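S.K.: The structure under discussion is supplied below as structure tokens; questions concerning it will follow.
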Amino acid sequence: MAHHTLATAWPYPSPADVLSAEAPLARLLPNYEPRPEQIKILSAVADACAADEHLVVEGGTGSGKSLAYLIPALWRAVVDDEQTIVSTHTITLQEQIWERDLPLLQQISPRPLRTALLKGRHNYACRRRWSQREGDLFGTLAPVLDWLLSTETGDRAELAGHLAAQGIDIQEVWPLLASSPEICLGAACPWWEGRCFVRQARRRAEKADLVIVNHALLLANVKMGGGLLPEAERLIIDEAHHLEGVASDQLGSHLATGVLQAALQALGAKQGLALLHEFIPHLNELVAPIGQTNEEGITTARLHSTLWENDNWSAFWSLLNLRGTNLLLVLQELLSNQEAEAGKHKSSHVPTRARAMAIVGECAHALRQFLTCDPDTWVLWVEVNNNHRHDYHLFTAPLAVGDMLAAQLFARFRSVILTSATLTAGDDFQYFRSRLGLIHLPRESVQFLVVPSPFDYRQQALCCVATDMPDPRYGRTAAEISDFLYALIPIFGGSILALFTSHRLLKDTAHQLYAMLQDSPTCVAAQGLDGDSTTLGRQFSSPQPPAILLGTNSFWEGVDFPGDTLKCVVLTKLPFWSPGMPVVAARSEALAKQGHNPFTNYALPEAVLRFKQGFGRLIRTSQDRGAVIILDPRAAPGKSAYSGAFLRALPNPDLFVGPRAEILNKLAGWWGQDSEEGEHCGYC
């Protein structure tokens, strides 16, 4: 555990008093007013820590969750000399805490607050790697040397900004610098004492009161059995609805044969290439008889445990496993020889070799896991794009992570605080408890709290459900969606975000809108066609944004477009995962074997949580106003047995249910325009 300084007197009667109108914090924030919701969360966090209990708290948008859990963490540091780790999923929230919230706490803390931002090893430069290249590369990469001489962190993000100002892409140089476990010499490294960036970062974290990390590093620490993070007393997990997914990703693996082939070619590894080419035909034989092809031309073959009951399959798997093991041995030999080989190559080849070696290391780990994990407790599958028949993707994921999280994460801390705006599915936390393993902890040791958003959704948000759209289970056309989106433009003047669950339908809708708007200054931007989610997010927030932004999974959550940037969100379909997805299918089968209904115990709660996230894109501040339109008739009251599960999950917006023509007229009037503008829609 962390021990920093002697405990200091806390100048407030309780943690909650920090948020009072008379406290110093109020003088630091313009127009500050105490929020009852924030005080309620803060008090619950403080009580949980005082009682050494765990707390799960769903705080609605605008409830002030981050300060509500950071202030009790500050209290524990100042009064009891305790350390807290704070984990987030998104960079956006991590930056908000690091750049806005923690500097604020510094100003109200009775003693200097020690803070640390800790990242995964690959985010830090390795001085030894650079020293081996410096003589060859000094002429062209002098800015890197300048940075290395001045940086205190060795952080990739810091170097990226330094190089960008000089027109250099960090991707050109980072493979020469990045630290990795495969090449770390530990105490044998000449830079180990006092000059290793990774070691310095971990030492800062050991001495810090508050350590900020992301979920990936938090779960990597669990996977390794510790050693990456300090042994803190308290853990706060924000964006906790992502924890199960990140745990599955961290424990799982992914190997792309095309990527591995390119790396082996860059290294001139002829033996590795030969063995890879022997391995690939067996993957084709695996996929051909059991694969299922989706609308995007991706064939997926899940290796469920019953396959091994077939003697022919077992014999085939033994042969595939033998070919894969031979390939794995060669990859491991390449990795063990990489340091000796590095000095033999010209400087112009060094970046390529460094990138290739990093890829080989990742592929070796993924291949080992694919060949050795137990199909009864793991999900294994192979994917291939029918347009690239020689590029196979091998995946593994744990069937469940709850037991691991309960035993190896939650049990290691005196208190764990889990929070998000979307943790309840229905009226309780039962689904979240079961998926994250909280049901394995003593019931009295875990407290639960729901704090609604302070926003007036009845006045700020209109939710419409279209009853005359075709049921998406039985097919629908992009024309129906594009016609409706086109009709929204004169009502809102743009600022429309349409969320899809199908890449194919998104692309078809985009092409329809391109044609409809080709003679208009109004433009549409589609994820995957006009840029990635990061690029399109910046464009949508720019002074000249596209009128309509079409997005898939990454836009359903984690993006903020406050104010007039976003006026209308269109949910094209209730966000059920496809039942054919390997992890979904495997977990559904496991529930069925246990006597549970997979739909009500897994598919529906997952969809409700994603639905709440999608709806939550609209109202981000108390000044925002706009509409959410659901183009799935199953959400209308009485249209399906589960429509109520979705509508009850909403934060009490104004609700309108009807055909598209009536919705457009309602929107025109509600948005404050003449309703006749809706008559150009083609539905009236």
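The values are calculated or read from the model by the stated rules, or taken from the named source; none is laboratory data. Predicted, not measured: the structure shown is a model, and the values here were computed from it. Using ideal geometry, Cβ is built from the backbone for each residue, glycine included, and neighbour counts are taken over all protein chains shown. To get the accessible areas, we keep the full protein, side chains included, count just its heavy atoms, and leave off ligands, DNA and RNA. Shrake-Rupley method; radii C 1.70, N 1.55, O 1.52, S 1.80 Å.
S.K.: Based on the Cβ-Cβ distance of Gln292 and Asp17, what FRET efficiency does E = 1/(1 + (r/R0)^6) give at R0 = 56 Å, to the nearest 0.05?
M.R.: 0.40
S.K.: Students sometimes get this wrong: rank Leu117, Leu591, Leu255 by accessible area, probe 1.4 Å, all chains present, largest first.
M.R.: Leu117, Leu591, Leu255
S.K.: Still on this structure, please answer the following. Which value, in Å² rounded to 10, gives the accessible area of Lys639 with a 1.4 Å probe and all protein chains present?
M.R.: Estimated to the nearest 10 Å², Lys639 gives 120 Å².
S.K.: Answer rounded, prolate or oblate for segment 264-328, using the Cα gyration tensor with square roots of eigenvalues a ≥ b ≥ c: rounded when a/c is under 1.5, else prolate when a/b is larger than b/c, else oblate.
M.R.: Verdict is oblate for segment 264-328.
S.K.: Follow-up. Over the Cα atoms of segment 536-667, Rg to Rh with Kirkwood Rh, two decimal places?
M.R.: Expressed as Rg/Rh, it is 1.01.
S.K.: Right, another one. Accessible area per residue, 1.4 Å probe, Å², for the chain: what's the number?
M.R.: Roughly 43 Å² per residue, with all protein chains present.
S.K.: Please work out how much accessible surface Leu105 shows to a 1.4 Å probe, ignoring ligands, DNA and RNA, in Å² rounded to 10.
M.R.: 0
S.K.: Taking a cut-off of 17 Å between Cα atoms, list the aspartates and glutamates near Lys639, but don't count ones fewer than 8 places away on the same chain.
M.R.: The reachable aspartates and glutamates, counting only those whose Cα sits under 17 Å from Lys639, are Asp468, Asp471.
S.K.: Hey, rough spin-label estimate for Leu655 and Leu329, points 7 angstrom out along Cα→Cβ, what's it come to in nanometres?
M.R.: 6.5
S.K.: Extension gain Glu231-Tyr32, at 0.36 nm per residue separation less the Cα-Cα distance, in nm?
M.R.: 68.1 nm
S.K.: Would you tell me the accessible area of Asp519, worked out with a 1.4 angstrom probe on the heavy atoms of the protein chains, in Å² to the nearest 10?
M.R.: 140
S.K.: Please work out the Cα convex hull volume for segment 135-217 and give it in Å³ per residue.
M.R.: So the per-residue hull volume is 138 Å³.
S.K.: Between Trp313 and Ala411, what's the calculated FRET efficiency when r is the beta-carbon distance and R0 is 51 Å? Round to 0.05.
M.R.: Here the calculated transfer efficiency is 0.85.
S.K.: Please give every one of the aspartates and glutamates within straight-line cross-link reach of Lys223, meaning a C-alpha to C-alpha distance under 14 Å, and leave out same-chain neighbours fewer than 8 residues apart.
M.R.: Glu244, Asp249, Asp403
S.K.: Quick one: dipole size for segment 342-467, taken about the Cα centre, charges +1 on Lys/Arg Cβ and -1 on Asp/Glu Cβ, in debye to the nearest 20.
M.R.: Approximately 720 debye in magnitude.
S.K.: Nearest 5 is fine: what % of DSSP beta bridges in the chain come out antiparallel, could you say?
M.R.: The answer is about 30 percent antiparallel.
S.K.: Considering segment 547-614, what Rg and Dmax in Å follow from its alpha-carbon atoms?
M.R.: Values for segment 547-614 (Cα only, Rg and Dmax): 15.3, 49 Å.
S.K.: Further, regarding this structure: Where in the chain lies the longest segment free of GluC sites (Glu not before Pro) that are both loop residues by DSSP (not H, G, I, E, B) and have at most 13 other Cβ atoms within 10 Å?
M.R.: In the chain, the maximal stretch lacking such sites is 297-684.
S.K.: Continuing with the same structure: Residues of segment 144-163 with backbone nitrogen within less than 15 Å of a virtual label 7 Å along the Cα-to-Cβ line of Arg538, please, listed as ranges.
M.R.: Inside the label zone: 160-163.
S.K.: Would you please classify the overall shape of segment 377-525 from the alpha carbon gyration tensor, given that a ≥ b ≥ c denote the square roots of the eigenvalues, rounded means a/c under 1.5, and beyond that prolate means a/b larger than b/c while oblate covers the rest?
M.R.: oblate
S.K.: Let me ask another. Output the Cα-based Rg and Dmax of the chain in Å, rounding Rg to one decimal and Dmax to a whole number.
M.R.: 26.9, 77
S.K.: Still on this structure, I have one more. Using heavy-atom solvent-accessible surface (probe 1.4 Å) with all chains present, what is the largest-first order of Thr325, Thr477?
M.R.: Thr477, Thr325
S.K.: Averaging sequence separations of C-alpha pairs under 8 Å and six or more residues apart, then dividing by the length of the chain, give the relative contact order as a whole percent.
M.R.: The value is 16 percent.
S.K.: Using DSSP H assignments, which helices in the chain have an axial alpha-carbon span of 18 Å or above and a mean Kyte-Doolittle hydropathy of 1.0 or higher?
M.R.: Length and hydropathy pass: 478-492.
S.K.: Can you give the relative contact order of segment 343-479 as a percent, counting alpha carbon pairs under 8 Å and 6+ residues apart?
M.R.: Reported as a whole number, the value is 14 percent.
S.K.: Going by accessible area, probe 1.4 Å, with all protein chains left in place, what is the ranking of Arg504, Arg128, largest first?
M.R.: The residues order as Arg504, Arg128, largest area first.
S.K.: For segment 439-582, just the Cα set please: Rg and Dmax, both in angstrom.
M.R.: When restricted to the Cα atoms of segment 439-582, Rg and Dmax are 17.9, 64 Å.
S.K.: Go through segment 517-524 residue by residue and turn each phi into a ³J(HN,Hα) via Karplus (6.51, -1.76, 1.60, θ = phi - 60°); whole Hz please, and just put x for glycine and proline.
M.R.: 10, 5, 9, 10, x, 6, 10, 10
S.K.: Could you tell me whether segment 27-115 comes out rounded, prolate or oblate from its Cα gyration tensor? Rule is a ≥ b ≥ c as square roots of the eigenvalues, rounded for a/c under 1.5, then prolate if a/b exceeds b/c, otherwise oblate.
M.R.: Cα axes put segment 27-115 in the rounded bin.
S.K.: Could I ask something else about it? Of Lys119/Lys507; Lys65/Lys119; Lys573/Lys593; Lys65/Lys666, which pairs sit farther than 31 Å apart, going by alpha carbon to alpha carbon?
M.R.: Over 31 Å Cα-Cα: Lys119/Lys507; Lys65/Lys666.
S.K.: Say R0 is 30 Å: what FRET efficiency, to the nearest 0.05, do Ala188 and Asp403 get from their beta-carbon distance?
M.R.: E between Ala188 and Asp403, to the nearest 0.05, is 0.20.
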